[in-house]
Amino acid sequence: MKRFNFAIIVSAITLSGMLLSAVAVSAQSKAETKLYNTAVAKKDLKSANKFLTKFPNSGYAPKITRLRDSIIFYQIQKDDIIGYISFVEKNPKSYFVQAANSRIEELNTSSISDAQAMEIAMGTGLSKEEIAAAKGVKNLNKEYVAVIVAPKANTSEYRITLLTQNNGNWEEVSSLLEQVYTNDYALKEFRIGDDVKAVTIAGVQHLYFSYVNSSSDVDSRSRIANNDCEMAFNLYSLADNSVYNVLFSGKIEDGIIYGSSMDSAQGGMMATPQQTYLIKAMAAKENLKPFEKERFHTQELIKWWYDNNPQGAKNIAFGIVPENSPLIEMANKGKDKERVGNYTVTMLQNVCNNTIVVVRNHENGQYSIAMCQPMPQNDKELELNTFYGEKGNILALYYFKGKSSIKKRLNLSSKRLY
């Protein structure tokens, strides 16, 4: 059996590698090194470009590229915003891109205050109520005022108008009528956010703004408010008068929107810089949370009961309460309860602005909503506040209106109301 000296093999491989490296360095150290040293010594654009043209794949190329970029960057006049934008476009991977973008943003910062912008916008004949937002925006060394005009009643379009000064007068230079971005046209209330600002993305000036789509509608029977809600994040490009947006949809509670965004899938390597910016802005909003089904489940159960039990119904459809519903815990902890035949009945007051009657069937352990009644707004409306069990599975319900009362009976087995 042949034996090999491992140490000798390793030494041979190492020596071979060293020899290959030496060859590479030796090859690089002739014409390349001479031209490299010339470029470093002269520090001019001609020498740098000459080296990169002749040896684009050289090991010295990154250093000379940075040298070339520094020469170009520092030759740009400090107030030449077009020069900085051109630099970013031509050298997107340059070490100096961050510094160029910072200079672009600085040069694009408007000197017009929000109060001045509002005054200028109102000077065009718009009322303060019509103006959702007004912002000073500077683009290519020229001052503008961007005005967002809120949608008119029963419409779903808002307007973005760009004003600039001409011979001392502020005049309209562009106007865009834009459809409100929504998945639910029942949300007719439009409210602009307080985060309107000018931002520079990929060397282009944009107006960033967000708005909320909501509704103040209240269901006439259940008295449950429509808490569906959306937040749209938007970028308006001053370069081509276009709008980019992403949307977060859900339900609102105590100022927090619980939901999701289909538009978040737009992110990734194929996303435009505008999409990436908007998705990051959406992710940074602390009042946007993933949807929690259990949080709104009780409300949905009550809505289901009203949808399936029209006014004056005699055959009552009980709403099944799922095992994970918080309503079960509320019923178990409720103090206003009584055993009625094969059922335990609990009356819960002021749950989503309703009095609800929850029954537990002892034969199968199932919880159900048997009855709902909106909380009264005055003494002319019915109030459900008393119950007791009668013979068998009969539940007596007492409704009060002022000084008068109405008694109804509900058979918990047949679900018949009489």
Legend entry - Pick from segment 378-401, criterion in contact with an Asp or Glu (Cβ under 6 Å, 6 or more places away or on another chain) and within 17 Å of Arg416 (Cβ to Cβ), ranking: least open to solvent (accessible area, probe 1.4 Å): Ala396
Inset, instruction - Please go through segment 117-131 and pick out each residue that is open to solvent by less than 30 Å² (accessible area, probe 1.4 Å) and more than 13 Å from Val149 (Cβ to Cβ). - result: Ala117
Inset, instruction - Report, by residue number, each residue of segment 280-311 that is within 19 Å of Leu207 (Cα to Cα) and either touching a Phe, Trp or Tyr at 6+ places or on another chain (Cβ under 6 Å) or in contact (Cβ under 8 Å) with a residue 40 or more places away in the chain (or both). - result: Ala281, Met282, Lys285
Legend entry - Conditions (1) without any contact (Cβ under 8 Å) to a residue 40 or more places away in the chain; (2) touching a strand residue (DSSP E or B) at 6+ places or on another chain (Cβ under 6 Å): number failed by Ile316: (1)
Inset, instruction - Restricting attention to segment 253-282, report how many residues are aliphatic (A, V, I, L, M) and modelled with pLDDT of 95 or more. - result: 6
Inset, instruction - Quickly run through segment 350-364 and pick out the residues that are over 15 Å from Ser222 (Cβ atoms) and surrounded by fewer than 19 Cβ atoms within 10 Å (Cβ to Cβ). - result: Asn361, His362, Glu363, Asn364
Inset, instruction - Among the residues of segment 207-221, write down those that are in contact with a helix residue (DSSP H, G or I) (Cβ under 8 Å, 6 or more places away or on another chain) and either open to solvent by 50 Å² or more (accessible area, probe 1.4 Å) or at pLDDT below 95 (or both). - result: Asp219, Arg221
Legend entry - Entirely in segment 237-320, the strands (runs of 3 or more DSSP E) that have 3 or more residues that are open to solvent by less than 60 Å² (accessible area, probe 1.4 Å) and touching a Ser or Thr at 6+ places or on another chain (Cβ under 9 Å): 243-253
Inset, instruction - Could you run through segment 321-346 and say how many residues are open to solvent by less than 10 Å² (accessible area, probe 1.4 Å) and either part of a strand (DSSP E or B) or acidic (Asp, Glu) (or both)? - result: 4
Legend entry - Pairs, first farther than 14 Å from Gly341 by Cβ in segment 396-418, second open to solvent by less than 40 Å² (accessible area, probe 1.4 Å) and part of a loop (DSSP other than H, G, I, E, B), C-beta under 7 Å, six or more apart: Leu417/Ile316
Inset, instruction - Please report, ordered by residue number, the strands (runs of 3 or more DSSP E) entirely within segment 132-201 with at least 3 residues that are modelled with pLDDT of 95 or more and either of a type outside the set (Val, Ile, Thr) or buried (at least 16 other Cβ atoms within 10 Å of the Cβ) (or both). - result: 142-149, 157-166, 169-179, 189-192
Inset, instruction - Would you mind finding the one in Glu32, Glu119, Glu106, Glu89 that is among the acidic types (Asp, Glu), over 44 Å from the mean Cα position of the chain (by Cα) and not in a loop (DSSP other than H, G, I, E, B)? - result: Glu32
Inset, instruction - Go over the candidates Asn385, Asn378 one by one and state the one that is modelled with pLDDT under 95 and outside any loop (DSSP other than H, G, I, E, B). - result: Asn385
Inset, instruction - Within segment 42-64, count every residue that is surrounded by 14 or more Cβ atoms within 10 Å (Cβ to Cβ) and not in a helix (DSSP H, G or I). - result: 4
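The values are calculated or read from the model by the stated rules, or taken from the named source; none is laboratory data. Computed from a predicted structure; not experimentally measured. Heads up, the Cβs are rebuilt from the backbone with ideal geometry, glycines too, and the neighbour counts pull from every protein chain shown. Surface accessibility is based on the protein's heavy atoms, side chains included, excluding ligands, DNA and RNA. Shrake-Rupley method; radii C 1.70, N 1.55, O 1.52, S 1.80 Å.
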